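See below for the structure under consideration.
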Amino acid sequence: MVIDSTDKGKPVVIAEVDWDSAFTAVHDDAIYMVESQQYHVDKLDLERKKAYVRKVDVDYYTDAMTYTHVRVIDEFQRKLSCRAIVEHGEVQVVRKVVGYKKIKFYTAENLGYGDVNLPEKDMHTTSYWFTIPRRFLRDLQFTQSEILDGLSGLAYCLHHLAAMILMADIRDIDCCIGDKSGEFFVHHGPNGQNTKAISVPEKVVDETPNKLRLDEFDPTLFLFDAYPGGIGFSQLLYEEHDRMLNAARQLIRACPCSHGCPSCVGPDLEIGLNGKKVSLAILELISDELQLH
Ligand SMILES: [Zn+2]
């Protein structure tokens, strides 16, 4: 329940938010919108399921930053495709909102960051994923952080393509880069867009950027159903793996931008100046060009 307490004497219930959305929409200090009126969230009281807000007029909105961890529970099917191991199955997804970005209206300029401390949320769902053995990545002449950028760019591109192939909403599927053991994960850093950290789940809150090295794990890109139990997307994506990678390759190659843009691998601010180049190099490593007539 979202309660407007602008007028101290007369608190008014202005909206209801479902439990899952509450973590990202009405965390402490979020800007919450109802009928084009902005509200600042003074306090999210999870125990009583109430968010206390007050009317404000600011020139920014907030975007929650979430850390996602995926751990494989069961593998249903597996195949080798070029150099990648492709699988689908059941996974456990742990999500935690760790902070938010303040983003200016119209210019989308980033105005700052804030911390949020909320409990983790856990769900079981189905996922499609593929793993790139580290030895192949080592052969690419890029630094560890460039490879992480390239993987993030690839994840961005495949996430959007998957939604298109499935004719689903982008929010119906989620993605994450980690490894199958559930030990390592790649995150966007909290204080700069293109700094990334690899961390273990238990240490997710204290940032230990680049403490763990890329050559300690085989990066796995997960695309999973965003709903508990899954809604059947993952097997389809598993079957479409080759076609999807090929489409990604053509899309990135054909995009006229120089370093990445929202239409291909994501804005260069998020994936770094070499992100686009590395994404393409990784794709060439793990897919054969299909002959299209
Ligand atoms: Zn582009």
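The values are calculated or read from the model by the stated rules, or taken from the named source; none is laboratory data. In this text, all values refer to a predicted model and were calculated from it rather than measured experimentally. Glycine gets a Cβ as well: all are built from the backbone with ideal geometry, and neighbour counts include every protein chain shown. For accessibility, only protein heavy atoms count, side chains too; no ligands or nucleic acids. Shrake-Rupley method; radii C 1.70, N 1.55, O 1.52, S 1.80 Å.
Observations
- Taking GluC sites (Glu not before Pro) across the stretch 1-98, the ones in a DSSP loop with at most 11 further Cβ atoms lying within 10 angstrom of their Cβ are E16, E35, E47.
- Note on the stretch 242-293 and the stretch 117-186: Cα centroid distance 15 Å, given to the nearest whole angstrom.
- Listed residues P219, P133, P256, most fluctuating in the chain (Gaussian network, C-alpha, under 10 Å): P256
- Scaled radius of gyration (Cα, divided by 2.2 N^0.38 Å) that the stretch 2-58 gives: 1.00
- In Hz, Karplus ³J(HN,Hα) per residue of the stretch 122-135 (6.51, -1.76, 1.60; θ = phi - 60°; x = Gly, Pro): 10, 8, 9, 8, 10, 9, 10, 8, 9, 10, 10, x, 4, 4
- Simple label model, 7 Å out from Cα along Cβ direction - Y106 to R253, nm: 4.1 nm
- Amide proton proximity set for F76, modelled H, under 5 Å, gap of 5+: H88, G89, E90
- Here's the list of lysines a cross-link from K277 could span, going by alpha-carbon distance under 19 Å and ignoring same-chain residues fewer than 8 apart: K196.
- Averaging the sequence gap over all C-alpha pairs within less than 8 Å and six or more residues apart, then dividing by the number of residues, gives the stretch 2-58 a relative contact order of 33 percent.
- Membrane-span-like helices of the chain, defined as complete DSSP H segments with a Cα extent of 24 Å or more along the helix axis and a mean Kyte hydropathy of at least -0.5, are identified as 144-166.
- Sparsely packed chymotrypsin sites (Phe, Trp or Tyr not before Pro) within the stretch 76-151, loop by DSSP, other Cβ within 10 Å at most 11: F105, Y106
- Accessible surface comparison of Y156, Y32, probe 1.4 Å, protein chains only, largest first: the order is Y156, Y32.
- Applying a DSSP loop filter and a limit of 13 other Cβ atoms within 10 Å to the trypsin sites (Lys or Arg not before Pro) in the stretch 20-58 leaves R48, K49.
- For the chain, the mean residue ellipticity at 222 nm estimated from helices alone is -7500 deg cm²/dmol, where every DSSP H run of n ≥ 4 contributes -39500 (n - 2.57) and the total is divided by all residues, rounded to the nearest 500.
- Relative contact order [Cα under 8 Å, 6+ residues apart], the stretch 231-277, whole percent: 25 percent
- Amide proton proximity set for A15, modelled H, under 5 Å, gap of 5+: V2
- Ratio of the Cα radius of gyration of the chain to 2.2 N^0.38 Å, where N counts its residues: 1.05
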